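The values are calculated or read from the model by the stated rules, or taken from the named source; none is laboratory data. Keep in mind that what you see is a predicted model, and the values were worked out from it rather than measured. When we count neighbours, we look across all protein chains shown, and the Cβ atoms used for this are built from the backbone with ideal geometry, even at glycine.
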Amino acid sequence: MLVGLATFEYLPVRVGGLAEAVTALGEALSKEDEVYVFMPSHGLTKTVPPELDLKKYADFRITVGDRIYPISVFQAWRHGVRIFLFSNEVMDHPEVYHPRKIFIQKLVHFTKALPGLINLLLKKEERKPGVMHINDWHCVFAGALVKKYFRIPFIYTIHRICRERMSVQELNEVNLGELVDNRYLEGEMFNIEVFGAHQCDYLTTVSHSYLDEEWPSFFSSFQGKVTYVWNGTDARFWDPALLKSAALPREERRKKALADNGLADGYFFFNVGRLDAAQKGIDVLLDAFDQVMRGYAEGAEKVRDKMRLVLLGSGDPLLEAEARDLEKRYPENVKAILKYLGREATREFYGAADFCLIPSNFEPFGLVQLEAMCMGCIPIGTRVGGINDTVHSVDDHPEKATGLLVPRRDAAALARAMVKMALMLHQEPQRIDLMRRNGRIHVIENFNWDRAAARYRMVYQNMGTLKLPFVSYAEPY
Ligand code: NHF
């Protein structure tokens, strides 16, 4: 089958987990299917990385309002996937989602460019995708038009519900009034995700728990055509054997990584990612660590002096300031590295840290817990979304435990969990070792991209033959 993936992020263009997920899926699908990716260039055509052998494929024009815009389509091959990039003065803007005004213009240009390219593919190559896989709300208008004009069914995957709206006036001004329908209107605002979910042939999201959490408010309206497909991770990259200091015992690696960051050896807690309160719950993490240091959690006095926390990532300036403040108050315990250091350096941290803190308030899937488990770094996360689906908590499954789960938005519970795990590391190292081993095996067996690709393939095939529903959302797999 020829699968078209429409997305706003695909490596090397990356803002968050969406890029990792769609790229890995495209590559896994390409082992059995042909995969074409469609994306705005986001300026990639101007700063072409050498590994992308980018070539002009076609030029055409689109109309937006009363203006005519040229579009150049470039194509490249990356790891077996054919990538089409749309380039013009709007779609070349290097920021993917900012500023909002340009981002919405990009969305509109993409909506018009995709049917234009499908038309050209038909003309030049006499073929079209058998299915379009639309990723997140940015691409749903394009999916709906391609379905309408070319009879290509589409699957809509929600990586995170954003509840995004555009006004009816905005849509009419860019000649997309044909999409407007009362069913999607909230006053004069048009709900893009509700539109996409109605229009698509199949709706998926990235974990069972997220589907459950958002069932009453969103997914239940689409019963019969909705399911979940778990993401995966690449355990070949997230492999302790690839660490610079792979030959050293884990405790030595920890000692060294902490020393490199100006800290003495201790119980090493690590957090990586965007510093954000709304989704990632970093405010809760900072509060929890402070509670341990102040001795509020039971048993904290036994571990307090040896608590170490390394934060890696940037984000909300307010949280960055709070992280700096925590570092100042506890200079012997905390190191805040307020930037991203790249995948290889992150891997070194996972390979040295004892525990990875993932205090998200919601997490459709979340890749960090998988990466950590692959690397023997034990996740302490919240019981939400993909974290809940992928981590076996030591409280629920002593034998097959891979981490510890706590309630969301509960700093006191997280503080208790940190103390509990630090004490376990000290008192029951064999139990900790078992959790590290369990984690890597669990990810390799259950959360790999070949498995995800196989599950998506089932969805594509069911759409093709219109055998719906093929699975109840609640059916585990
Ligand atoms: O892993 C890729 C990612 C998810 O939880 C993550 C999110 C956005 O919020 O599916 O998409």
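Just a few scattered comments:
- Every residue from segment 332-360 that is within 16 Å of the ligand (Cβ to nearest atom) and touching a Ser or Thr at 6+ places or on another chain (Cβ under 8 Å): 358, 359, 360
- Matching residues in segment 255-266 - criterion: being surrounded by 19 or more Cβ atoms within 10 Å (Cβ to Cβ) and part of a loop (DSSP other than H, G, I, E, B): 263, 266
- Residue within segment 429-438 that is within 14 Å of the ligand (Cβ to nearest atom), touching a residue at least 40 places away in the same chain (Cβ under 8 Å) and in contact with a strand residue (DSSP E or B) (Cβ under 7 Å, 6 or more places away or on another chain) present: no
- Filtering 431, 409, 416 for residues that are surrounded by fewer than 22 Cβ atoms within 10 Å (Cβ to Cβ) and within 30 Å of residue 161 (Cβ to Cβ) leaves a single hit, 409.
- Any hit, segment 186-194, residues being more than 16 Å from the ligand (Cβ to nearest atom), under 19 Å from residue 9 (Cβ atoms), of a type in the set (Val, Ile, Thr) and in contact with an Asp or Glu (Cβ under 7 Å, 6 or more places away or on another chain): yes
- Summed over segment 174-185, the residues that are touching a residue at least 40 places away in the same chain (Cβ under 8 Å) and of a type in the set (A, V, I, L, M, F, W, C) give a count of 2.
- Which numbered condition residue 280 misses (of (1) under 19 Å from residue 254 (Cα atoms); (2) within 16 Å of the ligand (Cβ to nearest atom); (3) among the basic types (Lys, Arg)): (1)
- All positions within segment 195-220 that are of a type in the set (A, V, I, L, M, F, W, C), buried (at least 21 other Cβ atoms within 10 Å of the Cβ) and away from the ligand (no atom under 16 Å from the Cβ): 195, 197, 200
- Wholly within segment 1-105, strands (runs of 3 or more DSSP E) carrying at least 2 residues that are under 30 Å from residue 236 (Cβ atoms) and away from the ligand (no atom under 16 Å from the Cβ): 2-6, 34-40, 67-78, 81-87
- Close pairs from segment 333-357: first free of Cβ contacts under 8 Å to residues at least 60 places away in the same chain, partner surrounded by fewer than 22 Cβ atoms within 10 Å (Cβ to Cβ) and among the polar types (S, T, N, Q), Cβ under 7 Å, at least 6 apart: 339/314; 340/314
- Across segment 129-139, the number of residues qualifying as within 16 Å of the ligand (Cβ to nearest atom) and surrounded by 24 or more Cβ atoms within 10 Å (Cβ to Cβ) comes to 6.
- The residues of segment 141-173 that are touching a residue at least 60 places away in the same chain (Cβ under 8 Å), within 16 Å of the ligand (Cβ to nearest atom) and not in a loop (DSSP other than H, G, I, E, B), listed by number, are 155, 157, 158.
- Considering only residues in segment 435-450 that are buried (at least 17 other Cβ atoms within 10 Å of the Cβ) and under 18 Å from the mean Cα position of the chain (by Cα), the one that is farthest from residue 232 (Cα to Cα) turns out to be 443.
For (1) within 16 Å of the ligand (Cβ to nearest atom); (2) buried (at least 16 other Cβ atoms within 10 Å of the Cβ); (3) outside the structural domain of residue 436 (by TED's automatic domain parsing), each residue gets a yes or a no:
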position: 222; (1), (2), (3): no, yes, yes
position: 244; (1), (2), (3): no, no, no
position: 253; (1), (2), (3): no, yes, no
position: 268; (1), (2), (3): no, yes, no
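- Per the conditions (1) under 21 Å from residue 15 (Cβ atoms); (2) surrounded by fewer than 17 Cβ atoms within 10 Å (Cβ to Cβ), the sole criterion not satisfied by residue 324 is (1).
- Lone unmet requirement of (1) in a loop (DSSP other than H, G, I, E, B); (2) in contact (Cβ under 8 Å) with a residue 24 or more places away in the chain for residue 216: (2)
- For segment 304-342, residues that are modelled with pLDDT of 95 or more and within 26 Å of residue 240 (Cβ to Cβ) total 14.
- Within segment 44-61, none of the residues are surrounded by fewer than 22 Cβ atoms within 10 Å (Cβ to Cβ) and in contact with a His (Cβ under 9 Å, 6 or more places away or on another chain).
- Odd one out for residue 231 among (1) under 27 Å from the mean Cα position of the chain (by Cα); (2) polar (S, T, N, Q); (3) more than 22 Å from residue 440 (Cα to Cα): (3)
- Residue list for segment 361-385, restricted to those being buried (at least 24 other Cβ atoms within 10 Å of the Cβ) and within 8 Å of the ligand (Cβ to nearest atom): 363, 364, 365, 366, 385
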